[in-house]
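Student: Quick one: this structure, given as structure tokens, is what I'll be asking you about.
The values are calculated or read from the model by the stated rules, or taken from the named source; none is laboratory data. Model, not experiment: these values are computed from the prediction. Positions of Cβ are generated from backbone atoms using ideal geometry, with glycine treated the same way; all protein chains shown enter the neighbour counts.
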Amino acid sequence: MAKNMKKMRVQLEKIAKQNKDFNLMPESSSTVQVLYDDRATSPNVEESVIVGRAQDKQRILFYLSDKILTQDFIILAIYGMGGIGKTTLVQLVFSDTKFREYSLVWVYVSQVFDLNKIESSIISQLPKMDLSMSDSEVAPTNRNILIVLDDLWENNGFKLDKLKLKLKVRTGAKVIVIVTTRDEDIARRFSNVEPYKLEPLTDGICWNIIKQKSAFEDRGDKERLEQTGREIARKCGSVALAAQSLGYLLHSKRLDEWESVKDNDIWNESTLEDASSPHHVLASLKLSYVKMQPSLKLCFGYCAIFPKGQKIVKDDLIHQWISLNFIKPSKVYSCRQLGEMYVTQLLGMSFLQRPKSLYEYEVLTLITNCFMLQTAGDYHDNFILLTMHDLVHDLARSVMFDEIQNDGLQGDTSGRNCRYALRTEFSKPLETLRALRFMGCSIDNRLHNDSFSSAKYLRLLDLSECSIQRLPDSIGQLKQLRYLNATGVQHETIPDGITKLLKLMYLSLRGSSGIQALPEFMGEMEDLMYLDLSDCSRIIRLPVSFGKLTKLVHLDLSHCTRGIPEALGGLTNLQVLNLSHCYNIFENDVYIRRKVEAIGNLKKLQYLNLSDLLNKKCHDKSTYVSFFECINTLSNLEHLDLSHNEYLRSLPDCFGSLKRLHTLDVSGCSFLDKIPPSIHNIDNLKFLHADTRIYLGKSMFCLLNESSVSLPHFVVQANANGSGSNLVLLQDVNPPKLEISSLENVRSINEVQIIKLLEKQRIEELKLEWAKDAVRFVEDIELLGEIIPPTNLMEFEIHGYNCTKFPAWLMGIAPYLPNLVRLTMMDMPCCISLPPLGQLPNLKELTLEKMKSVTKIDGDFCGGRRPFPRLKKFVMRDMESLQVWNTIYCSGVDGVSEFMFPILPELSIFRCTKLRLTPCPLRAEKWNIWGSDGVISSWEESAADIIASCSSPLVTTLSINCKVSLHEWRLLHHLPDLKGLIINDCNDWTISAEIIRALSSLESLTLERCMTKLPKWVGDLVSLQKLEILSCPDLKYLPESMGCLTSLKKLNISFCDDIESLPEGIEKLCKLEYISMSGCPKLVPIR
């Protein structure tokens, strides 16, 4: 297959050249017969049977409702991989009652783009009374229109612009155009608002689809099928079309047939020739593949060599493509640049994807200090991980089935002539291979000196996932090898034969901590461009010939504690250099000047990492300041990382000479208190990563030029002429954490729209802040309405918002922020109601603070049924007007009452002085109630019947700080399972018999800063096992009734200055195991 593809590529390139040489033009009136397209769609949908897209529908409706208020012409593109459910989603939106007053038009565009047919189709669907056309417009003048263009493939910008012109409305009418496409690039070209990426379904939703299509609920054996069905749902790869296909396939099948589907690669079996067969799913995806250019097809197909679900380092993948000659440089672009473009195209088509952020960071913690060469301005990404959807992986396998051998797949049918292999053992032949990767194996017992002698065509060898003691001597016989990844080699030497690999371009020995020396003639590897020696910590020195590697552009020596070789000065083409964690650079001051000169000679250097060089053992100021002067001559430097140099107090004055410096990272430089004034002269400086404002203060920001961005803390400032603000500088920023303060300085909505915050999917933590009582140029509700965070956001804070209501997207927040884990809303003095935060599916921590106009919390806060499914911690502070909290609400038309929180581990209420809860205590395991006396005392006796009808609130621990007398703590009447009680700053210990009975199950009691004497009733707590008395300086003695605490096991008395002795009754505590007494100077120790 690959041979044929290579021939086809050569032929197509020849045809394309002839086409260019003879100035041939494409013929618009092709005579090719267009066959009937069985993929044609219609707007008809039965919403009741659609599963899993309700939130996406609501999000789009909210978004369109908000945009249509300010725009008369909207084009919204929805994009995602084939089969994911784009058409279904648009059908749901199209049929919504919100558009019942609109003229509705549905056009199936298809792969054959015919502008005339599209125009004719639109006109034919408009009411005749609306037909008042011009030559350039299809829209009527007096009626709003909703147009759907389903399945757009055309990416020619000229044609797309002509289509836009046809759709544009005259004054007096509004037009909404919704487009579906598989290609992100098309979506962004055609939309005039932020396009919508349709995310995959969860495994649970895929299982629901399978159950629906297979009539699962009507089966008598469904309990036996449940687990098998859920495992089958995982095979769907979160694609709706796949779930539907499997559901149809499983209909009426026996248990053993379900098991067979679970265990087999169903997608590559052509079972039925209809749209419901699993084979149809791959056919749908293959349409996108057919549209690729030949070289991109090769790059995509090769990705099948990676196991399903594996995280792929983007930079490594590009190097592999180049090594296999899939990419050839053009007159305009280098191989590297073309590789970046190919990755972008595959991402846009969803054929490659970014892993979900949670999983990406798990991998990042395992693979550290791997700084990959990025295009200019992208160094701050460090390295980017990619993954491939399971169904797309199946497609890649299907187009390369006879070319890729995978030992991990059952029934692999690739022949002896395969070119690319993923092996788990070493016994199979190598003669025909171009690329060889090993997966999760130890091959030391199979590797011999002649192990690779037969692999004469091998261009790529990846041993990174193997446990390997040493490389065989035969490695030097791989004369065609371009790429060698041998991380973690344990032997102390590398075979000298490696220097015979004269075509080798990429070499990684990362993590080979056993290596002590490299071959002396390493400089003979003249084509070497990428070398990673990170974590090769035992290398004593680099060979003298090292300086002959003049083509080297990327060198990673991080965690190589032997320091910097002076031979670096000869690597004059070096663009990326990583010296992070090379602690012993400063051990010998004699060589500092030579090292400075060596680095200073790297005139082409663009990225330099000098992070974490200064530890407690080496902070002589004169030494390290003179070393950092090495940057003085690096006129092409774009990214400089000085982070985590804790003892760095100032930066050298030579910064002004770095005219191309784009990014400076000084985060973690705790004692940095001086930045040279010359930094103001760096016109290209865009990003300053710093978390040291506590030391630098405003002086740092004053030194920055007007186009610089400080991260993660960005302060909005007005331009010098007052016409706008610097917010637009965030347009090219995409950090993992971003804090934007002084939003009151934003001058126009357009500034917010320019930064396209929604597109910044790398942001996981976001904080938005307005200054209190500051003058606004844009209303907060308008501003926040445009600051829609990316869907990947996990932590979100809003401070200082000053409007009574929230924008539409926040009032329908759930589909916008499905991954949100932590939310804080504070200092919102005018806000009178809360958004429906209960519908956030992954919210775990929620804080509401200083919202003084909110008077009640009720069912609107929940937003529907089953609210707050994962909430673990809820904090409210200083809600001074909050009076009522209805802990039970009525959800749905059936009138069923639900608890606001199904199970809440921790609830904290601080200084909510007017608050009362009704009718039942919340179901929270731990309560912290401080300065909110009404929560403790406001329970009416008349409500006892209502409370009794509520299920147990499950409160096990209660921490209280209040001024109410203990006998008024009516809340305790309703906490039958209370096991722990912490009382702070309480001086009225008057108690009732009812309260004592309520505390009968108490096992732990802590009293802090709250008494002059311990009340006698403490002896009635016969279940008490732990008693702590803390910071009670006026407490003089303990009551004899303590002798009744026969279950007590632990007693702790701390910082009680006046207490002199323990009661004699303490001798009766036969179960007491532990006594701690500290900070009690008058207390006589027990003998």
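Student: If only one of 763, 754, 749 is in the same structural domain as residue 784 (by TED's automatic domain parsing) and either surrounded by 17 or more Cβ atoms within 10 Å (Cβ to Cβ) or charged (D, E, K, R) (or both), which one is it? Let's see the steps before the verdict.
Tutor: Numbers: 754 fails: either surrounded by 17 or more Cβ atoms within 10 Å (Cβ to Cβ) or charged (D, E, K, R) (or both); 749 fails: either surrounded by 17 or more Cβ atoms within 10 Å (Cβ to Cβ) or charged (D, E, K, R) (or both).
On inspection, the qualifying residue turns out to be 763.
Student: Looking only at the range 843-851, decide whether some residue is more than 24 Å from residue 792 (Cα to Cα), in contact (Cβ under 8 Å) with a residue 40 or more places away in the chain and not hydrophobic (A, V, I, L, M, F, W, C). Full working, then the answer.
Tutor: Residues of the range 843-851 more than 24 Å from residue 792 (Cα to Cα): 849-851.
Add one more test, that the residue is in contact (Cβ under 8 Å) with a residue 40 or more places away in the chain, and what stays is none.
No: the range 843-851 contains no residue that is more than 24 Å from residue 792 (Cα to Cα), in contact (Cβ under 8 Å) with a residue 40 or more places away in the chain and not hydrophobic (A, V, I, L, M, F, W, C).
Student: Just one of the numbered conditions (1) within 20 Å of residue 918 (Cβ to Cβ); (2) crowded, with 20+ Cβ neighbours inside 10 Å; (3) touching a Pro at 6+ places or on another chain (Cβ under 8 Å) is not true of residue 860; which one?
Tutor: (2)
Student: Only residues that are within 51 Å of the chain's Cα centre (by Cα) and either among the acidic types (Asp, Glu) or more than 16 Å from residue 989 (Cα to Cα) (or both): list them for the range 1030-1049, please. Don't jump to the end; show me each part of the working.
Tutor: Filtering the range 1030-1049 for residues within 51 Å of the chain's Cα centre (by Cα) gives 1030-1033, 1047-1049.
Listed by number, the residues that qualify are 1030, 1031, 1033, 1047, 1048, 1049.
Student: Here's something else I'd like to know. With respect to residue 906, determine if the residue is under 23 Å from residue 741 (Cα atoms) and not aromatic (Phe, Trp, Tyr). Talk me through it step by step, then tell me what you get.
Tutor: Numbers: under 23 Å from residue 741 (Cα atoms): no; not aromatic (Phe, Trp, Tyr): yes.
So residue 906 does not fit the description; no.
Per-residue answers, yes or no, for (1) within 31 Å of the chain's Cα centre (by Cα); (2) at pLDDT 65 or above; (3) surrounded by fewer than 23 Cβ atoms within 10 Å (Cβ to Cβ):
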{"site": "377", "(1), (2), (3)": "yes, no, yes"}
{"site": "381", "(1), (2), (3)": "yes, no, yes"}
{"site": "385", "(1), (2), (3)": "yes, yes, yes"}
{"site": "393", "(1), (2), (3)": "yes, yes, yes"}
{"site": "397", "(1), (2), (3)": "yes, yes, no"}
{"site": "401", "(1), (2), (3)": "no, yes, yes"}
{"site": "404", "(1), (2), (3)": "no, yes, no"}
{"site": "415", "(1), (2), (3)": "no, no, yes"}
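Student: Please go through the range 957-969 and pick out each residue that is modelled with pLDDT under 85 and either within 16 Å of residue 1002 (Cα to Cα) or aromatic (Phe, Trp, Tyr) (or both).
Tutor: Selection gives 966 alone.
Student: Something else about it: In the set 759, 779, 795, which member is at pLDDT 90 or above and under 21 Å from residue 815 (Cβ atoms)? Quick ask: steps written out before the conclusion?
Tutor: On the way: 759 fails: at pLDDT 90 or above; 779 fails: under 21 Å from residue 815 (Cβ atoms).
One residue alone meets the criteria, 795.
Student: List the number of the failed condition for residue 678; all other conditions in (1) at pLDDT below 80; (2) part of a helix (DSSP H, G or I); (3) over 30 Å from residue 600 (Cα atoms); (4) of a type in the set (S, T, N, Q) hold.
Tutor: For residue 678, the exception is condition (3).
Quick grid of which residues meet (1) assigned by TED's automatic domain parsing to the domain that holds residue 317; (2) more than 18 Å from residue 313 (Cβ to Cβ); (3) modelled with pLDDT under 90; (4) in a loop (DSSP other than H, G, I, E, B):
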site	(1), (2), (3), (4)
489	no, yes, yes, yes
503	no, yes, no, yes
547	no, yes, yes, no
552	no, yes, no, yes
560	no, yes, yes, yes
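Student: Go through the range 858-880 and count every residue that is touching a Cys at 6+ places or on another chain (Cβ under 7 Å) and at pLDDT below 90. Write out each step before concluding.
Tutor: Our first condition is that a residue be touching a Cys at 6+ places or on another chain (Cβ under 7 Å); within the range 858-880, this holds for 859, 876, 879.
Subsequent filtering for residues that are at pLDDT below 90 retains 859.
Adding up the residues that qualify gives 1.
Student: Also: If I go through the range 939-949 residue by residue, how many of them are surrounded by fewer than 19 Cβ atoms within 10 Å (Cβ to Cβ) and at pLDDT 55 or above? Spell out how you get there, then give the answer.
Tutor: Step one: of the range 939-949, the residues surrounded by fewer than 19 Cβ atoms within 10 Å (Cβ to Cβ) are 940-949.
Cutting the leftovers down to at pLDDT 55 or above gives us 940.
Summing the residues that are surrounded by fewer than 19 Cβ atoms within 10 Å (Cβ to Cβ) and at pLDDT 55 or above in the range 939-949 gives 1.
Student: Could we say that residue 238 is part of a loop (DSSP other than H, G, I, E, B) and surrounded by 14 or more Cβ atoms within 10 Å (Cβ to Cβ) here? Walk me through how you get there before you give the answer.
Tutor: Working: part of a loop (DSSP other than H, G, I, E, B): yes; surrounded by 14 or more Cβ atoms within 10 Å (Cβ to Cβ): yes.
Criteria met by residue 238.
Student: Further question on the same structure: Would you say residue 1031 is out of contact with any Cys (no Cβ under 7 Å at 6 or more places or on another chain) and under 30 Å from residue 888 (Cβ atoms)?
Tutor: Details: out of contact with any Cys (no Cβ under 7 Å at 6 or more places or on another chain): yes; under 30 Å from residue 888 (Cβ atoms): no.
It is false that residue 1031 is out of contact with any Cys (no Cβ under 7 Å at 6 or more places or on another chain) and under 30 Å from residue 888 (Cβ atoms).
Condition check ((1) assigned by TED's automatic domain parsing to the domain that holds residue 238; (2) of a type in the set (Val, Ile, Thr); (3) not in a strand (DSSP E or B)) across all residues:
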position	(1), (2), (3)
59	no, no, yes
64	no, no, yes
71	no, no, yes
78	no, yes, no
83	no, no, yes
87	no, yes, yes
93	no, yes, yes
105	no, yes, no
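Student: With the structure loaded, tell me whether residue 812 is over 17 Å from residue 860 (Cβ atoms) and buried (at least 19 other Cβ atoms within 10 Å of the Cβ) or whether it fails that test.
Tutor: Details: over 17 Å from residue 860 (Cβ atoms): no; buried (at least 19 other Cβ atoms within 10 Å of the Cβ): yes.
Here the answer is no, as residue 812 does not meet what is asked.
Student: Report, by residue number, each residue of the range 814-831 that is under 18 Å from residue 197 (Cβ atoms) and free of Cβ contacts under 8 Å to residues at least 40 places away in the same chain. Give the derivation first.
Tutor: Going residue by residue through the range 814-831, those that are under 18 Å from residue 197 (Cβ atoms) are 814-820.
Once the filter is applied, which keeps residues that are under 18 Å from residue 197 (Cβ atoms) and free of Cβ contacts under 8 Å to residues at least 40 places away in the same chain, the range 814-831 yields 817, 820.
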